[in-house]
1. Looking at (1) out of contact with any Phe, Trp or Tyr (no Cβ under 9 Å at 6 or more places or on another chain); (2) without any contact (Cβ under 8 Å) to a residue 24 or more places away in the chain; (3) of a type outside the set (Phe, Trp, Tyr); (4) more than 23 Å from Asp261 (Cβ to Cβ), which one does Ala342 not meet, given that it meets all the others?
2. Take the residues in region 371-385 that are in contact with a helix residue (DSSP H, G or I) (Cβ under 8 Å, 6 or more places away or on another chain) and not acidic (Asp, Glu), then tell me which one is surrounded by the most Cβ atoms within 10 Å (Cβ to Cβ).
3. Scan region 597-613 and give yes if some residue there is surrounded by 14 or more Cβ atoms within 10 Å (Cβ to Cβ), more than 24 Å from Glu445 (Cβ to Cβ) and touching a Phe, Trp or Tyr at 6+ places or on another chain (Cβ under 8 Å), otherwise no.
4. Show the residue pairs that are 6+ apart or on different chains and have beta-carbon atoms under 7 Å apart, the first residue being within region 300-318 and in contact (Cβ under 8 Å) with a residue 12 or more places away in the chain, the second being aromatic (Phe, Trp, Tyr).
5. Output the residues belonging to region 587-613 that are part of a strand (DSSP E or B), in contact with a Gly (Cβ under 6 Å, 6 or more places away or on another chain) and at pLDDT below 95.
6. Scanning for something surrounded by fewer than 19 Cβ atoms within 10 Å (Cβ to Cβ), assigned by TED's automatic domain parsing to the domain that holds Ser239 and closer than 30 Å to Val264 by Cα, does region 124-131 turn up at least one residue?
7. Given Ala422, Ala403, which one is of a type in the set (A, V, I, L, M, F, W, C), surrounded by 22 or more Cβ atoms within 10 Å (Cβ to Cβ), touching a residue at least 12 places away in the same chain (Cβ under 8 Å) and more than 20 Å from Tyr260 (Cβ to Cβ)?
8. Kindly check whether there is at least one residue in region 198-216 that is exposed (fewer than 15 other Cβ atoms within 10 Å of the Cβ), out of contact with any helix residue (DSSP H, G or I) (no Cβ under 7 Å at 6 or more places or on another chain) and among the hydrophobic types (A, V, I, L, M, F, W, C).
Amino acid sequence: MNQKPTRFISCTTSVALALVLMLTSGLSHAAASSPAPSASSDSSTAPSTIAPQPQTSANPAVGSGNKPARKIYTGWIPYYSVRASVARSIAYQEMMSEVSPFWYSLTSSKTIKNQFTSANPSLKMAEQVQLLRSQGLKILPAITDGTKKLVLSGYLGKEGTRKEVVTAITNLVVNNNFDGIDLDLEGFAFVDGSSSWNKTKPLWTEFIKELSASLHSQEKLLSVTTPVVFDPASGRKGSYHVYNWAGIAPYIDRLRIMTYDFSVGKPGPIGPLEWSESALKYAISVLPASKVWVGIPGYGRDWITKVEGSCPKNVANLIKAGTKAAVFDAAKGSDLALAYGATPVYDGVRGEATFTYQKTYNGENDAGEPVSCTATRVAWYQDKRAYLARAEFVTKYRIGGLAQWTLSQASPESIDALLEYARTIGPDEVVAKISSKEITSQYGETKRLEALFALKDKSPIENLDVVFQFRRSEQDSWSDLTKVQTGRDGLAQVDLLVGGALKFRAITEETWERLASQTEIGTLKVTRSLSISAPTHGKVGAALEILAQVTPREGEVTLQVRRGGAWQDLDAGEVSPLNGGHLFLVYPKAQGFETFRVTVAASEKYNGSEGEPFTVLIR
């Protein structure tokens, strides 16, 4: 599984952008740390910025249905194959929510190497980040283990150096404002050797726990990428149990399974269905299915199984049965078969395409004599049918989706098929509306809050869990009021005993079937209860006692008199917090009828209000 990749020429992965073919490599992530091609091989003629181009059949327009595509696709953008990977991310962002640029390598407990910068690519990191974020994509850069054998496990075994690793990774994420990190630390599995796993396993688990706490305190995500792990009870061989899925499950936000590299030394499928599904089933037994992502390879392998004749000196050491398999972009699989007169056959059990062909090599031997040999070669790769077979895992188990190594590989036809599939399983969009945006109520009165939930075609949604939330003027965050369910008419209701002004809304959480929704924000305004005690008559020069009482017991009251068709202020004051009352004393100066009223000033919590006018006869 930890094989160094053979470089090959990949095809462009998106017609949404005008890009040049580039040199890239595939295979296991650990192998990606091999020297990258120079910047010129990434793109010799491409512009310094990438801009979306008009859509073509390889990037079809969004359908007219009510469902958006489900976000089932993600993958890695290697530092040595930037433009094609970024192009694909932009072209297919409709079914993507995040990407993982393959940028960083941990080289000591405190040091993280920026492989992207050292590769000197033509597209700068800042440009890449800007392009990806412009598509609404979260960025979770991948970080590999760049230390030597047993060094990182040694760091994790000491509290001090383990904390240094946690701090270094957290600072990397926070200082660059990334959305999180994808740990791709394969040294445990490949370099350290299986004899070290039992010792490393608890250290790894403690490290994940501490890193999770550090990242989550900064509201950052933790993704972990590992080779396959199988249920320990099954006794199945080939399980990389050092990664302890059950132990790290409470702490991680993503688990990406490297369900590829099943066959390396001998011809066979890259990631057969049953093998992949077995690891997947164990993963969802210890983690929420929505956190699990199944790996899909964008590459194929081509093995030599037989050589007849005498090979020329320039290839004699390479063309031998059993030598390391060649690697090719899966997008080139059918072209490779066609070039040698072979027909790919799809193996429905393994879920991959394969073909056998002969290739002849002509030249001279060491003596300068003409020689020739013919090699029988066997190729395996995943095509459109293979990708769709793995997409079925998404619906069957309701997992997060598929993670591709790498995003620059595989045919547009295969990725188009995933997009169309993502559209067919897209969650329903929920339209949420409150019945009234502004409600006025008397203090102590019961008011009903209502919200309507329907699909885009206006069909009401029944039995939908709805949370009503509120926020007072002095609060910055929302608090839950209560949870209810919608009726057959899609209406959610809650009766609220009114005590003060507040903002309110109703929300629903995202489920497999439906997207999250939120109503607009409504305002509940409250009018205080006001009572007046006043005499019906009085004498000139004698005090009139007018008592205003307010419930709740707070606020400023003003006594007004009507003169010349207008209200004039006579006196004002705060009500007593003990009984909510304020006593006005008025000394009439002339006989006749005087008309008064009391008003209550508006505040952040309550509406202003006006009491009913009352008349006093002055003798």
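1. Against the list (1) out of contact with any Phe, Trp or Tyr (no Cβ under 9 Å at 6 or more places or on another chain); (2) without any contact (Cβ under 8 Å) to a residue 24 or more places away in the chain; (3) of a type outside the set (Phe, Trp, Tyr); (4) more than 23 Å from Asp261 (Cβ to Cβ), Ala342 comes up short only on (1).
2. We begin by selecting, within region 371-385, every residue in contact with a helix residue (DSSP H, G or I) (Cβ under 8 Å, 6 or more places away or on another chain); these are 379, 381-384.
After this cut, where a residue has to be not acidic (Asp, Glu) as well, the list is 379, 381-382, 384.
Numbers: Ala379: 24, Tyr381: 31, Gln382: 28, Lys384: 20.
Checking each candidate, the answer is Tyr381.
3. no
4. Gly300/Phe328; Gly300/Trp380; Gly300/Tyr381; Arg301/Trp380; Asp302/Phe328; Cys311/Tyr361; Pro312/Tyr361; Val315/Tyr361
5. Residues of region 587-613 that are part of a strand (DSSP E or B), as a first pass: 592-600, 607, 609-610.
Now restrict to residues that are in contact with a Gly (Cβ under 6 Å, 6 or more places away or on another chain): 597-598, 600.
Within region 587-613, no residue meets the criteria.
6. Taking region 124-131 and keeping what is surrounded by fewer than 19 Cβ atoms within 10 Å (Cβ to Cβ), we get 124-127, 129-130.
Now narrow it down to the ones that are assigned by TED's automatic domain parsing to the domain that holds Ser239: 124-127, 129-130.
From the residues that got through so far, the ones that are closer than 30 Å to Val264 by Cα too are none.
Checking region 124-131: not a single residue is surrounded by fewer than 19 Cβ atoms within 10 Å (Cβ to Cβ), assigned by TED's automatic domain parsing to the domain that holds Ser239 and closer than 30 Å to Val264 by Cα.
7. Values: Ala403 fails: more than 20 Å from Tyr260 (Cβ to Cβ).
Residue meeting the stated conditions: Ala422.
8. Initial filter on region 198-216 (exposed (fewer than 15 other Cβ atoms within 10 Å of the Cβ)): 198-199, 202, 213, 216.
Pick out the ones that are also out of contact with any helix residue (DSSP H, G or I) (no Cβ under 7 Å at 6 or more places or on another chain) and you get 198-199, 202, 213, 216.
Still in the running and among the hydrophobic types (A, V, I, L, M, F, W, C): 213.
Checking region 198-216: at least one residue is exposed (fewer than 15 other Cβ atoms within 10 Å of the Cβ), out of contact with any helix residue (DSSP H, G or I) (no Cβ under 7 Å at 6 or more places or on another chain) and among the hydrophobic types (A, V, I, L, M, F, W, C).
The values are calculated or read from the model by the stated rules, or taken from the named source; none is laboratory data. Note that the structure is predicted; figures quoted are calculated from it, not measured. No Cβ is skipped: glycine too gets one built from the backbone with ideal geometry, and neighbour counts run over all protein chains shown.
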